[in-house]
1. Would you mind checking the tilt of helix A:228-237 against the longest principal axis of the Cα atoms of chain A, expressed as 0 to 90 degrees and rounded to 10?
2. Using the number of other C-beta atoms within 10 angstrom as an exposure proxy, rank B:283, B:248, B:366, A:57 with the fewest first.
3. Taking Cα centroids, how far is the stretch A:239-295 from the stretch B:142-159 in Å?
4. Tell me whether the stretch B:262-397 comes out rounded, prolate or oblate; compute the Cα gyration tensor, take square roots of the eigenvalues as a ≥ b ≥ c, and use a/c under 1.5 as the rounded threshold.
5. Label-point separation (nm) for residue A:396 and residue A:140, each offset 7 Å from Cα along Cα-to-Cβ?
6. Taking 8 Å as the Cα distance limit and 6 or more residues as the minimum spacing, I'd like the relative contact order of chain A as a percentage.
7. What residue among A:274, A:68, A:139 has the largest mean-square fluctuation in a Gaussian network model of chain A, using Cα springs under 10 Å?
8. Using the alpha carbons of the stretch B:139-236, what is the convex hull volume per residue in cubic angstrom, as a whole number?
């Protein structure tokens with residue numbers, strides 16, 4: 001304490017710090033990161049490559065889920081590059097880490113658009129991160145592709161949504177439950193944030209319209225693992241069994257299913273339908289705890305068609321035999337292809353107005369099934385499936401639509417948005433993102 | 001009504017015992033030593049990861065019953081939890097020891113710096129389990145070996161004091177360079193085999209043995225066996241710690257140092273050793289807690305963060321420096337959380353309409369937490385030092 005930080009010491013430690021940092025700089029830049037410094041001010045497609053941004057959380061809470069989506073996007077980019085690229089140019093991915101922090105997402109989105117001059121951005125997982133970057137993309141007139149199932153009630157000109165809208169996941173699964181378990185009460189369980197609360201509002205409105213009965217609703221703080229009070233309440237509310245509709249997220253899911261089994265609430269009397277448990281999550285929770293429970297998605301790894309076979313094989317070859325594919329990964333994979341098709345049709349990657357117009361109507365033979373199409377409301381048509389967890393942690397598909405279901409982003413069961421629709425080909429309307437349907 | 005009360009008490013105690021088990025290590029580290037250890041949750045996480053490793057190790061064993069009696073087949077796998085508990089204690093105690101010797105001992109009596117430093121450590125530990133792979137481990141070991149080895153060798157020289165600065169300036173980049181080059185060479189030679197993370201960012205699958213997954217039926221109610229196991233483990237840990245502090249000679253020394261550090265030092269108690277030991281035991285208990293809560297919750301890099309606030313809450317409400325305070329506080333918080341969150345109170349108060357409505361509003365898991373926190377804030381206004389404040393003039397550490 002008494003001796004000051006002398007000049008000699010300063011030089012010594014300075015040298016040490018400098019030497020170390022130079023070394024780190026020289027040896028850093030791991031071989032697997034695709035990020036590379038870019039010359040200032042060059043438009044995305046002017047050089048040898050077309051630059052695209054990938055913006056997901058690679059650290060923090062959401063890294064668990066988002067890392068695998070990045071893997072799927074990079075697989076698609078690699079495949080496209082091997083097949084000759086887009087418009088004769090190779091795609092170069094600039095990967096940014098949103099760090100599970102919403103302001104960081106907005107900041108990185110700005111960086112990708114202004115500094116890296118990317119042609120488009122693939123990214124986000126949580127609705128909160130999407131809502132955080134939305135103003136950035138709208139104010140800069142740029143383009144985001146979003147791969148995750150979400151609560152709907154949004155329709156932006158600057159976002160293409162390749163995950164399910166509520167009418168492609170939640171609503172059909174509730175219909176299916178009503179039919180399979182006639183007269184059984186529903187208990188709604190969710191994490192305490194925007195998606196479960198909106199989803200449950202929709203479910204309640206839907207059940208009221210169709211004669212179902214909700215006996216309880218509960219929210220657990222995001223990441224909370226103490227579910228004892230919740231489980232007792234489920235038991236009290238439905239002593240003779242009933243349906244648990246589960247929109248919990250992340251760690252709470254693990255705690256919920258582990259303790260549900262401990263309390264003796266098995267899937268025979270208390271079947272649960274989950275909307276955020278896919279193959280990856282089953283693997284992390286342990287199939288022992290989930291066997292017999294249901295999940296609603298558009299894609300399962302067990303879907304049987306040639307496109308899926310090719311996708312799963314390519315994924316395992318690149319990332320390892322023990323990896324699994326899931327719904328958001330499939331949506332992420334096809335959205336890269338949809339963007340490529342749109343760019344090729346438009347003949348340019350830089351004129352975003354042209355690419356946007358070209359994207360509408362693009363159809364792809366997706367792993368989830370053939371004929372998946374980008375609609376004029378910037379959402380895609382998707383197959384709806386319900387799966388039951390098998391012993392090996394994959395899903396046995398118990399219900400599937402035979403053709404894609406058209407997306408309805410503005411929910412028709414909720415009073416505030418009843419009658420609203422969205423059409424980005426119709427430029428005569430004052431606000432084409434949200435207007436009253438004609439004729440209803 | 002009667003079964004309702006029993007139900008409430010059992011569930012309250014089971015929530016409380018999870019809280020207590022998680023807070024026990026902190027009650028020692030924070031309560032007795034006054035160290036605000038923000039990395040406590042991450043030590044729990046390391047305990048949980050140790051459990052996963054032990055589980056995976058046991059899965060490799062031949063799947064043959066070691067003991068058969070009619071339909072009852074006992075597998076070696078069924079007992080991995082006990083091995084995991086011991087391993088978790090040893091591993092986290094080791095990490096705690098390194099942490100105390102390497103970081104915390106320089107910061108005694110500076111709570112703000114300790115808080116920041118341990119928070120940094122918690123971030124490092126989280127990222128470590130995400131990205132740990134063979135390259136990283138080999139690089140780290142090599143670096144430590146070269147750097148600290150050379151430092152130890154040089155420190156034997158007579159003119160060490162003069163050399164010290166220059167030695168660090170040369171050795172640090174040199175050994176870091178060698179470690180990094182070796183690491184990247186290894187990575188390029190063996191590719192995925194050494195660069196693939198051991199755990200990665202996703203949650204780990206931890207499936208408890210069958211006897212810990214089900215429950216004991218009791219009428220139309222089922223007592224979850226994982227909960228019973230945790231209650232038993234908590235009682236065992238509390239008794240063990242109590243015995244250790246009250247009956248053993250090291251326990252006596254720990255209590256002496258807690259009460260008056262300088263006087264203890266004067267009387268020949270090795271306070272540095274006592275500090276290290278206390279911190280190691282506190283960390284080890286965190287590991288045991290991590291192993292236990294993995295039966296109920298997830299095992300992932302963020303596991304620790306789910307518990308850190310609750311554990312501090314227990315210790316602060318209980319009163320810093322008193323184990324019995326933590327016990328009472330954990331049980332009180334557990335029972336209140338359950339009664340409010342499950343809507344039991346609202347049910348009891350059903351005849352009085354406005355009160356029942358009030359409690360129904362708080363009868364969801366997240367609102368119950370709001371209410372418990374509000375009660376704690378109000379309580380601390382009345383008794384700032386907690387339930388069982390330490391009396392006397394020696395409290396200021």
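Values quoted throughout were computed directly from the atomic coordinates according to the rules given, and no laboratory measurement underlies them. On a predicted model such as this, the values are computed, not experimentally measured, just so you know. Quick reminder, even Gly has a Cβ in these numbers, built from the backbone with ideal geometry, and neighbours come from all protein chains shown.
1. Helix A:228-237 and the main axis of chain A meet at about 30 degrees.
2. So the ranking, lowest neighbour count to highest, is B:248, B:366, A:57, B:283.
3. Cα centres, the stretch A:239-295 to the stretch B:142-159: 55 Å.
4. oblate
5. It works out to 4.9 nm between the two label points.
6. Relative contact order for chain A comes out at 15 percent.
7. A:139
8. Spelled out: Cα convex hull of the stretch B:139-236, divided by residues, is 207 Å³.
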